[in-house]
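All remarks here apply to the structure that follows.
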Amino acid sequence: RKHAFTSSAITQSDIRRVTVIGSGQMGSGIAQVAAMKQHEVTLVDVNQEALERGKGYMSKSLKRVAKKKFPEDAKAQNQFVEKALGHVTLSTNASKSVSNAGLVVEAVVENLKAKQNIFVKLAMEAPDNAILASNTSSLPIAKIAAPLTLSQRKRFIGLHFFNPVPQMKLVEVVRSDEVDQKTVDDAVAFVKSIGKTPAVCKDTPGFIVNRLLLPYMMESIRLLESGVASARDIDTAMKLGAGYPMGPFELCDYVGLDTIKFIVDGWYKEGAGLKGNKLFESSKKLDELVQAGSLGVKSGKGFYDY
Ligand code: NAI
C-alpha cells in the first residue's frame, strides 16, 4: 500500500521507526499493530519483567489474529506471529531507543508529571524532526507538552488509541493550538498506515469519544438509581433499540468504574469548560461501588458479577 507522504520533514522511512514508551495494555497493543504493518518498533519499559509481560500480551493477541486470518493452517499462523514479533525490539534504555525514531508514542501511567519528565528527556534525545505523541485519555495535550521548547511543542500531538488496541479501529488525533499542520498530517498518515481510522479533534477534555460517552454512562447510572429500569433492561434497550454493541452497564464494567469516577470527578472539579457541569456530577451508586472495590470486570464484580 502507498501513502501520500508529501514534502514534509518526516519521510516515509522515518515514520516507520516507532518507539513506544510503556509496555502495558495500551503500549503493547500499539507496538503490536505497528509491527503487524511492518513498522520497526522498539517497545520500552522500566524493567525486563514489564517488557516480558508486554510481549506476552502481544503474543496472545497475535495468535488470536492469526487464527482468524489463517484458520486451520498452524504453520501460517506461527509465521504470522513470528513475523510481527520480529519487528519489535524490547528495551529498557529509553534514550537509546529514541535516537533514530520517526515517532515516539508514550503510553505510561496516567500521571502528568511522569509524562512530562519522559518527554523533557526524550525530546532532546530523539531526532529533531521526530513526532512526539501521547496516548493520554484524560490529560490536556498542551499541559503534557508545556515544559518542552516551542519547536518540540510544534511536533507534539495526542494519539489516543482505544482498548483493546488490536480490535478498536479508531485513533483520535488530538491537536493542541501550537502543533504544526505538518505534524497533524504525518500523524494522520501514520494512523492510516497501521490500518486504523483517524478522527482529528482539538485538545479538549475527553476529546470526542469520552466527552460523549461519559455523560451517557452517568445518565445510565442515574436512570438506574431513580428506579426507572434494571441495569439488565437498560442494557438490553440500548443494544436492541439503539444498535449499540454493548449496553452502558456492560461498558462501564468493561472500562472500570474507578476509571469512570476518576475522569468525571476530574472534569467536574476542574475540566476546561466542564467544571461544575451536572453531566459529570458523581452518583451515589457509582461512589458506593468504587468504595466497595467493585470496579467491574477486572475485580470480578461491578454492576454485574463476573
Ligand atoms: P498500564 O498500567 O497497563 O501500563 C503502563 C506501563 O507503563 C507499565 O508497564 C509501566 O511499567 C510503564 N511505565 C511507567 N513509567 C514508565 C517510564 N518512566 N518509562 C517506561 N515505562 C513506564 O497502563 P495502560 O492501561 O496501558 O495505560 C497507559 C496510558 O494509556 C495511560 O496514559 C492511559 O490513560 C492511556 N489509555 C488507556 C486506555 C485503557 O483503556 N487502558 C485507553 C486509552 C488510553
Quiz item: Got a sec? How would 155, 53 order by Cβ neighbour count within 10 Å, fewest to most?
Solution: 53, 155
Quiz item: What's the Kirkwood radius of the stretch 1-159 in Å, using all Cα pairs?
Solution: 16.2 Å
Quiz item: Along the Cα-to-Cβ line of residue 202, 7 Å from the Cα, sits a label point; which residues in the stretch 152-177 have backbone N less than 14 Å from it?
Solution: 174-177
Self-check item: Stokes-Einstein D (µm²/s) once Rh is taken as the Kirkwood radius of the stretch 186-306 over alpha-carbon pairs, at 37 °C in 0.692 mPa s
Solution: 211 µm²/s
Quiz item: Considering only 272, 101, 193, whose Cα is most displaced toward the positive end of the charge dipole of the chain, charges sitting on Cβ of Lys, Arg (+1) and Asp, Glu (-1)?
Solution: 193
Quiz item: Applying 1/(1 + (r/R0)^6) with R0 = 35 Å to the Cβ-Cβ distance of residue 150 and residue 93, what FRET efficiency is obtained, to the nearest 0.05?
Solution: 0.80
Quiz item: Between residue 46 and residue 113, what length in nm is gained on full extension when 0.36 nm per residue of separation is reduced by their alpha carbon distance?
Solution: 22.5 nm
Quiz item: Under the Kirkwood approximation applied to all pairs of distinct alpha-carbon atoms, what is the hydrodynamic radius of the chain in Å?
Solution: 20.5 Å
Exercise. Could you please state, rounded to a whole Å, how far the C-alpha centre of the stretch 228-306 is from the C-alpha centre of the stretch 43-66?
Key: 29 Å
Practice problem: Sort 208, 30 so that the residue with the fewest other Cβ atoms within 10 Å of its own Cβ comes first and the one with the most comes last. | Solution: 208, 30
Practice problem: Between residue 298 and residue 163, with labels modelled 7 Å along Cα→Cβ, what's the label distance in nm to one decimal, could you check? | Solution: 0.5 nm
Practice problem: Hey, can you grab everything whose amide H is under 5 Å from the amide H of residue 200? Only 5+ residues off in sequence or another chain; H modelled, so Pro and N-termini drop out. | Solution: 173
Quiz item: Which ordering of 183, 204 is given by a fewest-first count of other beta-carbon atoms within 10 Å?
Solution: 204, 183
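Read-outs: derived from the displayed coordinates by stated rules, not from any lab. No experiment lies behind these values; they were computed from the predicted model shown. A quick note on method: Cβ atoms are made from the backbone with ideal geometry, for glycine too, and the neighbour counts reach across all protein chains shown.
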